[in-house]
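A short worksheet on the structure shown next.
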Amino acid sequence: MRPTFVLCLAAPLAAQKLHYGLVFDAGSSGTRIHIYTWSTGGGGPKDAFNLIGDDIKKIQPGLSAYKNEPEKAGASLRPLLEYAKSKIPADRLDTTPTFLMATAGLRLVGQEAKDAILRSVCTELSHAGVLFRCEWANLLDGHDEGLYGWVTVNYLLDTLYPGAAADTAGIIDLGGGSVQVVFSQPESSKAPAGYTEKLVFGGRTHDVYVKSHLGFGLDAARSALLDLLIAKRGDVRTAMHA
(Lines give C-alpha, C1' and ligand atoms only; values in the text may rest on other atoms or scores of the structure.)
Protein backbone atom coordinates (compact mmCIF):
# COMPACT_ATOMS: atom_id res chain seq x y z
CA MET A 1 0.00 0.00 0.00
CA ARG A 2 1.42 3.33 -1.07
CA PRO A 3 1.77 5.78 1.86
CA THR A 4 -0.26 8.97 1.72
CA PHE A 5 1.22 12.31 2.72
CA VAL A 6 -1.01 15.21 3.65
CA LEU A 7 0.46 18.72 3.54
CA CYS A 8 -1.20 21.03 6.05
CA LEU A 9 -0.70 24.77 5.64
CA ALA A 10 -1.71 26.74 8.70
CA ALA A 11 -3.28 30.08 7.91
CA PRO A 12 -2.18 33.02 10.07
CA LEU A 13 -4.46 33.70 13.00
CA ALA A 14 -4.94 37.28 11.87
CA ALA A 15 -4.15 39.01 8.60
CA GLN A 16 -1.73 41.87 9.19
CA LYS A 17 -1.88 45.08 7.19
CA LEU A 18 1.11 47.34 6.60
CA HIS A 19 0.85 51.14 7.01
CA TYR A 20 3.13 54.14 6.47
CA GLY A 21 3.17 57.58 8.10
CA LEU A 22 5.36 60.68 8.10
CA VAL A 23 6.00 63.00 11.03
CA PHE A 24 8.14 66.14 10.77
CA ASP A 25 9.64 66.94 14.17
CA ALA A 26 10.40 70.65 13.82
CA GLY A 27 12.68 71.46 16.74
CA SER A 28 14.68 74.57 17.55
CA SER A 29 18.00 73.24 16.21
CA GLY A 30 16.74 71.38 13.15
CA THR A 31 13.90 69.43 11.55
CA ARG A 32 13.73 65.63 11.51
CA ILE A 33 11.45 63.47 9.44
CA HIS A 34 10.30 60.17 10.90
CA ILE A 35 9.20 57.59 8.34
CA TYR A 36 7.08 55.15 10.32
CA THR A 37 6.08 51.67 9.22
CA TRP A 38 3.59 49.74 11.35
CA SER A 39 1.17 46.85 11.12
CA THR A 40 -2.36 46.30 12.37
CA GLY A 41 -4.45 43.19 12.78
CA GLY A 42 -1.78 40.93 14.21
CA GLY A 43 -3.73 40.14 17.37
CA GLY A 44 -2.62 40.60 20.97
CA PRO A 45 -2.26 43.88 22.88
CA LYS A 46 -0.56 45.56 19.90
CA ASP A 47 -3.30 44.60 17.45
CA ALA A 48 -4.11 48.26 16.71
CA PHE A 49 -0.49 49.39 16.35
CA ASN A 50 2.71 47.38 16.07
CA LEU A 51 5.72 49.51 15.11
CA ILE A 52 7.97 47.86 12.55
CA GLY A 53 10.34 50.67 11.56
CA ASP A 54 11.26 54.31 12.18
CA ASP A 55 13.61 55.77 9.58
CA ILE A 56 14.95 59.23 10.51
CA LYS A 57 16.69 62.01 8.62
CA LYS A 58 17.57 65.49 9.95
CA ILE A 59 18.33 68.83 8.35
CA GLN A 60 19.50 72.13 9.79
CA PRO A 61 18.58 74.85 10.59
CA GLY A 62 15.16 74.57 12.23
CA LEU A 63 12.04 76.37 11.01
CA SER A 64 12.53 79.15 13.56
CA ALA A 65 15.60 80.27 11.55
CA TYR A 66 13.19 81.51 8.86
CA LYS A 67 11.42 84.02 11.10
CA ASN A 68 12.65 86.90 8.89
CA GLU A 69 11.98 85.00 5.64
CA PRO A 70 9.00 82.78 6.51
CA GLU A 71 8.07 82.22 2.86
CA LYS A 72 11.20 80.03 2.53
CA ALA A 73 10.32 77.73 5.43
CA GLY A 74 8.22 75.28 3.44
CA ALA A 75 10.83 74.78 0.72
CA SER A 76 13.41 73.88 3.38
CA LEU A 77 11.53 70.61 3.93
CA ARG A 78 12.02 69.35 0.35
CA PRO A 79 15.18 67.29 1.04
CA LEU A 80 13.29 65.44 3.77
CA LEU A 81 10.29 64.86 1.51
CA GLU A 82 12.48 63.46 -1.24
CA TYR A 83 14.13 61.12 1.24
CA ALA A 84 10.73 59.92 2.47
CA LYS A 85 9.51 59.30 -1.08
CA SER A 86 12.50 57.04 -1.68
CA LYS A 87 11.46 54.86 1.28
CA ILE A 88 7.70 54.49 0.67
CA PRO A 89 6.09 52.60 -2.25
CA ALA A 90 4.94 55.13 -4.85
CA ASP A 91 1.41 53.74 -4.90
CA ARG A 92 1.08 54.36 -1.15
CA LEU A 93 2.24 57.98 -1.00
CA ASP A 94 -1.16 59.59 -1.49
CA THR A 95 -2.55 57.56 1.43
CA THR A 96 0.41 58.21 3.75
CA PRO A 97 -0.73 60.58 6.55
CA THR A 98 1.77 63.38 7.07
CA PHE A 99 2.08 65.61 10.14
CA LEU A 100 4.38 68.43 11.17
CA MET A 101 4.78 69.15 14.86
CA ALA A 102 6.81 72.19 15.81
CA THR A 103 8.15 72.58 19.33
CA ALA A 104 9.73 75.22 21.56
CA GLY A 105 11.86 76.92 18.90
CA LEU A 106 8.78 78.05 17.00
CA ARG A 107 7.00 79.05 20.20
CA LEU A 108 9.73 81.64 20.80
CA VAL A 109 9.62 83.52 17.45
CA GLY A 110 6.35 85.38 18.04
CA GLN A 111 2.81 84.86 16.79
CA GLU A 112 3.14 86.66 13.44
CA ALA A 113 6.31 84.85 12.37
CA LYS A 114 4.98 81.51 13.60
CA ASP A 115 1.76 81.85 11.58
CA ALA A 116 3.67 82.86 8.44
CA ILE A 117 6.05 79.90 8.76
CA LEU A 118 3.19 77.45 9.20
CA ARG A 119 1.39 78.90 6.16
CA SER A 120 4.51 78.29 4.09
CA VAL A 121 4.73 74.73 5.40
CA CYS A 122 1.06 74.16 4.61
CA THR A 123 1.53 75.27 1.01
CA GLU A 124 4.56 73.03 0.51
CA LEU A 125 3.09 69.88 2.03
CA SER A 126 -0.27 70.36 0.29
CA HIS A 127 1.51 69.90 -3.05
CA ALA A 128 3.86 67.11 -1.97
CA GLY A 129 1.70 64.18 -3.13
CA VAL A 130 1.11 62.83 0.38
CA LEU A 131 -2.03 62.74 2.52
CA PHE A 132 -1.95 66.09 4.32
CA ARG A 133 -4.28 68.74 5.74
CA CYS A 134 -3.15 72.16 6.86
CA GLU A 135 -4.42 71.56 10.40
CA TRP A 136 -1.94 68.68 10.61
CA ALA A 137 0.92 71.21 10.72
CA ASN A 138 0.80 72.85 14.10
CA LEU A 139 2.67 74.06 17.13
CA LEU A 140 2.90 71.35 19.74
CA ASP A 141 2.59 72.70 23.26
CA GLY A 142 5.05 71.56 25.90
CA HIS A 143 2.46 69.39 27.64
CA ASP A 144 1.78 67.26 24.55
CA GLU A 145 5.47 67.25 23.61
CA GLY A 146 6.27 65.66 26.95
CA LEU A 147 3.49 63.09 26.64
CA TYR A 148 4.57 62.02 23.16
CA GLY A 149 8.14 61.63 24.38
CA TRP A 150 7.06 59.51 27.34
CA VAL A 151 4.89 57.26 25.17
CA THR A 152 7.74 56.83 22.66
CA VAL A 153 10.29 55.80 25.29
CA ASN A 154 7.98 53.37 27.04
CA TYR A 155 6.69 51.86 23.80
CA LEU A 156 10.29 51.07 22.85
CA LEU A 157 10.91 49.64 26.34
CA ASP A 158 7.72 47.56 25.99
CA THR A 159 6.37 48.81 29.33
CA LEU A 160 3.01 50.26 28.21
CA TYR A 161 0.85 47.18 27.77
CA PRO A 162 -0.61 44.64 30.20
CA GLY A 163 1.86 41.98 31.28
CA ALA A 164 4.92 44.23 30.97
CA ALA A 165 7.96 42.80 32.74
CA ALA A 166 9.08 46.19 34.09
CA ASP A 167 7.62 49.46 35.32
CA THR A 168 7.39 52.44 33.01
CA ALA A 169 10.34 54.82 32.80
CA GLY A 170 10.20 58.53 33.55
CA ILE A 171 11.85 60.97 31.16
CA ILE A 172 13.61 64.33 31.26
CA ASP A 173 13.46 65.56 27.66
CA LEU A 174 16.06 68.29 27.21
CA GLY A 175 15.35 70.06 23.93
CA GLY A 176 16.78 73.23 22.47
CA GLY A 177 14.11 75.59 23.75
CA SER A 178 12.39 73.73 26.59
CA VAL A 179 12.67 70.77 28.94
CA GLN A 180 9.89 68.30 29.78
CA VAL A 181 9.63 66.16 32.91
CA VAL A 182 7.23 63.21 32.61
CA PHE A 183 6.61 60.08 34.69
CA SER A 184 3.86 57.67 35.68
CA GLN A 185 2.67 58.30 39.22
CA PRO A 186 0.79 56.16 41.74
CA GLU A 187 -2.97 56.73 41.82
CA SER A 188 -2.63 57.97 45.39
CA SER A 189 -0.36 60.86 44.34
CA LYS A 190 -1.96 64.28 44.20
CA ALA A 191 -0.34 66.37 41.50
CA PRO A 192 -1.58 69.93 40.82
CA ALA A 193 -4.56 70.21 38.49
CA GLY A 194 -3.59 70.37 34.83
CA TYR A 195 -0.36 68.40 35.23
CA THR A 196 -1.73 64.86 34.87
CA GLU A 197 -3.10 62.76 32.04
CA LYS A 198 -4.76 59.35 32.02
CA LEU A 199 -3.50 57.16 29.15
CA VAL A 200 -4.74 53.67 28.25
CA PHE A 201 -2.82 51.10 26.19
CA GLY A 202 -4.27 47.66 25.55
CA GLY A 203 -6.47 47.93 28.63
CA ARG A 204 -3.69 49.13 30.96
CA THR A 205 -4.18 52.59 32.46
CA HIS A 206 -1.34 54.99 33.28
CA ASP A 207 -1.68 58.15 35.37
CA VAL A 208 1.03 60.38 33.98
CA TYR A 209 2.50 63.59 35.42
CA VAL A 210 3.85 66.02 32.81
CA LYS A 211 5.41 69.48 33.18
CA SER A 212 7.12 71.54 30.49
CA HIS A 213 9.53 74.37 31.29
CA LEU A 214 9.80 76.81 28.37
CA GLY A 215 13.12 78.63 28.15
CA PHE A 216 15.04 75.93 30.03
CA GLY A 217 16.16 73.97 26.97
CA LEU A 218 19.87 73.68 26.17
CA ASP A 219 20.04 76.44 23.55
CA ALA A 220 17.63 78.76 25.35
CA ALA A 221 19.48 78.38 28.66
CA ARG A 222 22.85 79.05 26.99
CA SER A 223 21.45 82.16 25.29
CA ALA A 224 20.00 83.43 28.57
CA LEU A 225 23.33 82.84 30.34
CA LEU A 226 25.27 84.75 27.67
CA ASP A 227 22.78 87.63 27.86
CA LEU A 228 23.28 87.74 31.62
CA LEU A 229 27.08 87.72 31.32
CA ILE A 230 27.01 90.46 28.69
CA ALA A 231 24.75 92.57 30.87
CA LYS A 232 27.12 92.17 33.81
CA ARG A 233 30.46 92.55 32.03
CA GLY A 234 29.61 94.18 28.74
CA ASP A 235 31.96 91.92 26.77
CA VAL A 236 30.93 88.35 25.91
CA ARG A 237 34.48 87.41 24.84
CA THR A 238 35.80 88.11 28.32
CA ALA A 239 32.97 86.09 29.84
CA MET A 240 33.40 83.13 27.50
CA HIS A 241 37.16 82.85 28.07
CA ALA A 242 37.21 83.62 31.77
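The values are calculated or read from the model by the stated rules, or taken from the named source; none is laboratory data. Computed from a predicted model, the values in this text were never measured in an experiment. Positions of Cβ are generated from backbone atoms using ideal geometry, with glycine treated the same way; all protein chains shown enter the neighbour counts.
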- Item | Matching residues in segment 211-228 - criterion: being loosely packed, with under 15 Cβ neighbours inside 10 Å, basic (Lys, Arg) and in contact with a strand residue (DSSP E or B) (Cβ under 8 Å, 6 or more places away or on another chain) | none
- Filter result (of a type in the set (S, T, N, Q), in contact (Cβ under 8 Å) with a residue 24 or more places away in the chain and either touching a strand residue (DSSP E or B) at 6+ places or on another chain (Cβ under 7 Å) or under 26 Å from Leu51 (Cα atoms) (or both)) within segment 112-153: Asn138
- Subset of segment 114-123 [of a type outside the set (Val, Ile, Thr) and in contact with a Leu (Cβ under 6 Å, 6 or more places away or on another chain)]: Lys114
- Exactly one condition in (1) of a type outside the set (Lys, Arg); (2) in contact with a Leu (Cβ under 6 Å, 6 or more places away or on another chain); (3) surrounded by 15 or more Cβ atoms within 10 Å (Cβ to Cβ) is not met by Pro45; state its number. (2)
- Message: Give me the residue from segment 107-135 that is buried (at least 20 other Cβ atoms within 10 Å of the Cβ) and among the β-branched types (Val, Ile, Thr) and, out of that set, nearest to the chain's Cα centre (by Cα).
- Response: Val121
- Taking segment 176-210, which residues are outside any strand (DSSP E or B), of a type outside the set (Ser, Thr, Tyr) and either touching a strand residue (DSSP E or B) at 6+ places or on another chain (Cβ under 8 Å) or more than 30 Å from Gly105 (Cα to Cα) (or both)? Gly177, Gln185, Pro186, Glu187, Lys190, Ala191, Gly202, Gly203
- So Gln111 fits all but one of (1) more than 30 Å from Leu157 (Cβ to Cβ); (2) touching a helix residue (DSSP H, G or I) at 6+ places or on another chain (Cβ under 9 Å); what number is the exception? (2)
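Each row is one residue, and each column tells you yes or no for (1) out of contact with any helix residue (DSSP H, G or I) (no Cβ under 8 Å at 6 or more places or on another chain); (2) within 27 Å of Ser29 (Cα to Cα).
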{"position": "Tyr148", "(1), (2)": "yes, yes"}
{"position": "Leu156", "(1), (2)": "yes, yes"}
{"position": "Ala165", "(1), (2)": "yes, no"}
{"position": "Leu174", "(1), (2)": "no, yes"}
{"position": "Gly217", "(1), (2)": "no, yes"}
- Message: If I go through segment 33-77 residue by residue, how many of them are part of a strand (DSSP E or B) and free of Cβ contacts under 8 Å to residues at least 40 places away in the same chain?
- Response: 15
- Message: Suppose we filter segment 90-105 for residues that are hydrophobic (A, V, I, L, M, F, W, C), at pLDDT 95 or above and either in contact with a Lys or Arg (Cβ under 7 Å, 6 or more places away or on another chain) or in a helix (DSSP H, G or I) (or both); how many remain?
- Response: 2
